[in-house]
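For reference, the structure discussed in these notes is given below.
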Amino acid sequence: MTNAATRHDWSREEVRALFDLPFNELLHRAHGVHRAHHDPNAVQVSTLLSIKTGGCPEDCAYCPQAARYDTGVTAQKLMEIDDVLERARAAKAAGASRFCMGAAWRGPKDRDIPKVAAIVRAVKDLGLETCATLGLLGDGHAQALKAAGLDYYNHNIDTAPEFYGEIIHTREYQDRLGTLEQVRDAGLKTCCGGIVGMGETRDQRAGLLQALANLPEHPQSVPINQLVPVPGTPLANAEKLDPFEFVRTIAVARLLMPASVVRLSAGRQQMDDAVQALCFFAGAGSIFYGEKLLTTGNPDVAQDRALFRRLDLHPLEVVEAAGTAHADILHPAAAADSTGCGHGCGCSAAA
Ligand code: SAM
Ligand code: DTB
Ligand code: SF4
């Protein structure tokens, strides 16, 4: 049985040793853990929307939304609730089960919270899971968002502690850990991951995953982003990561946090289908779905639907009560098969 124990005491050497395994050995181990904890033919699909774009005071070296970099992103104020709902309905109709709302803030002001809470409540009422990423949270913010129906809060640690200072100077690693603690204490599910391909070493990629796995609780959702190099940002010309190194990162994340859903996140537009297939084999169980991430591109919906069909992947449903409409859209074969999705995986996509 490959059912790995849930540990929070990984040493750097142990994580590094996993990265250094022969590629096939690593993927074999990771896939074994993946199947022991997850349906290997299922994928959770989330759609992102930037509800407050650009003009951010922070200096994250990767980010097109930082006001100080000339990236062509136009700053916009917080979207109106009806405009968000229109986009959420469209995402649901296209087959997304979770709607993730991002704001280019250092963190929300107290006066922003009731507005975001109203948006969260309205999106939740559509039958979608909700996620928000608003930056550093202040007192009471996480509780208010939870009360409004927020399911997940995304806040990434982004990179290894020792590399962090080369990427961000306007907030400390410790600040991020503080927000993650508030999120956990409010009973929200945590979505926390990082970015690779920023010029870090393999040891630092190991350090990112070590830090994630050694959090007091493993994040329920672990987004692994490949840097999207945006002209105008300090990382515009970062050297592209070897795609197999990205696959290794997914595999090691899967081994360290067996029950978490690892998301193949930003960077898919720059990734070929075979690499994505390897990521799913290595343990990715979730993607961002829809033509846009926050400000940059993502594969179009038709392309992703085709990829799902070619790989026999079926989308996970939001909750029992929300019905199967989106599953039918993404995986029409499921609708025709009254005994399940037809892959023998035991899912209820066509129930
Ligand atoms: N402002 C909030 C914050 O920083 O927490 C929320 C939005 S921020 C854009 C969310 C995450 O997107 C960042 O933590 C980073 O991991 C990811 N991200 C931003 N720009 C990216 C890029 N160019 N490539 C890959 N990931 C990126
Ligand atoms: C995450 O880890 N990746 C997403 C989401 N959480 C918010 C954001 C990716 C942003 C990529 C750059 C952009 O589109 O602006
Ligand atoms: Fe601002 Fe978030 Fe971008 Fe950093 S990652 S510059 S905090 S929007």
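The values are calculated or read from the model by the stated rules, or taken from the named source; none is laboratory data. The shown structure was predicted, so the numbers you read here are calculated from the model rather than taken from an experiment. Virtual Cβ from ideal backbone geometry, glycine too; neighbours counted across all protein chains shown. Note: areas computed on protein heavy atoms with side chains; ligands, DNA, RNA excluded. Shrake-Rupley method; radii C 1.70, N 1.55, O 1.52, S 1.80 Å.
Structure notes:
- Inter-residue pairs, beta-carbon under 7 Å, first of a type in the set (Phe, Trp, Tyr) and in segment 223-247, second in a strand (DSSP E or B), 6+ apart: 246/196; 246/226
- Residues (within 16 Å of ligand 3 (Cβ to nearest atom) and hydrophobic (A, V, I, L, M, F, W, C)) located in segment 225-256: 227, 228, 230, 235, 236, 238
- Residue, farthest from ligand 3 (Cβ to nearest atom), within segment 114-131, restricted to residues that are open to solvent by less than 10 Å² (accessible area, probe 1.4 Å) and over 14 Å from residue 188 (Cβ atoms): 128
- The conditions of being in contact (Cβ under 8 Å) with a residue 24 or more places away in the chain and touching a Gly at 6+ places or on another chain (Cβ under 7 Å) are met by residue 70.
- For segment 47-60, filtered to residues that are hydrophobic (A, V, I, L, M, F, W, C) and more than 9 Å from ligand 3 (Cβ to nearest atom), the residue that is most open to solvent (accessible area, probe 1.4 Å) is 48.
- Remark: residue 278 matches the filter, which requires a residue to be out of contact with any Asp or Glu (no Cβ under 8 Å at 6 or more places or on another chain), open to solvent by 20 Å² or more (accessible area, probe 1.4 Å), assigned to a helix (DSSP H, G or I) and touching a residue at least 60 places away in the same chain (Cβ under 8 Å).
- Residue that is most open to solvent (accessible area, probe 1.4 Å) [pool: residues in segment 296-313 that are within 13 Å of residue 269 (Cα to Cα) and outside any helix (DSSP H, G or I)]: 300
- With respect to the stated conditions, residue 208 is in contact with a Gly (Cβ under 8 Å, 6 or more places away or on another chain), among the hydrophobic types (A, V, I, L, M, F, W, C), in contact (Cβ under 8 Å) with a residue 40 or more places away in the chain and under 23 Å from residue 184 (Cα atoms).
- Of all residues in segment 259-275, those that are closer than 18 Å to residue 40 by Cβ and surrounded by fewer than 21 Cβ atoms within 10 Å (Cβ to Cβ) total 4.
- Subset of segment 18-46 [open to solvent by less than 20 Å² (accessible area, probe 1.4 Å) and outside any helix (DSSP H, G or I)]: 42, 43, 44, 45, 46
- Failed condition for residue 151, given (1) open to solvent by 10 Å² or more (accessible area, probe 1.4 Å); (2) under 16 Å from the mean Cα position of the chain (by Cα); (3) within 15 Å of ligand 3 (Cβ to nearest atom): (3)
- Filtered residues of segment 88-107 (kept if touching a residue at least 40 places away in the same chain (Cβ under 8 Å), open to solvent by 20 Å² or more (accessible area, probe 1.4 Å) and away from ligand 3 (no atom under 15 Å from the Cβ)): 92, 93, 94
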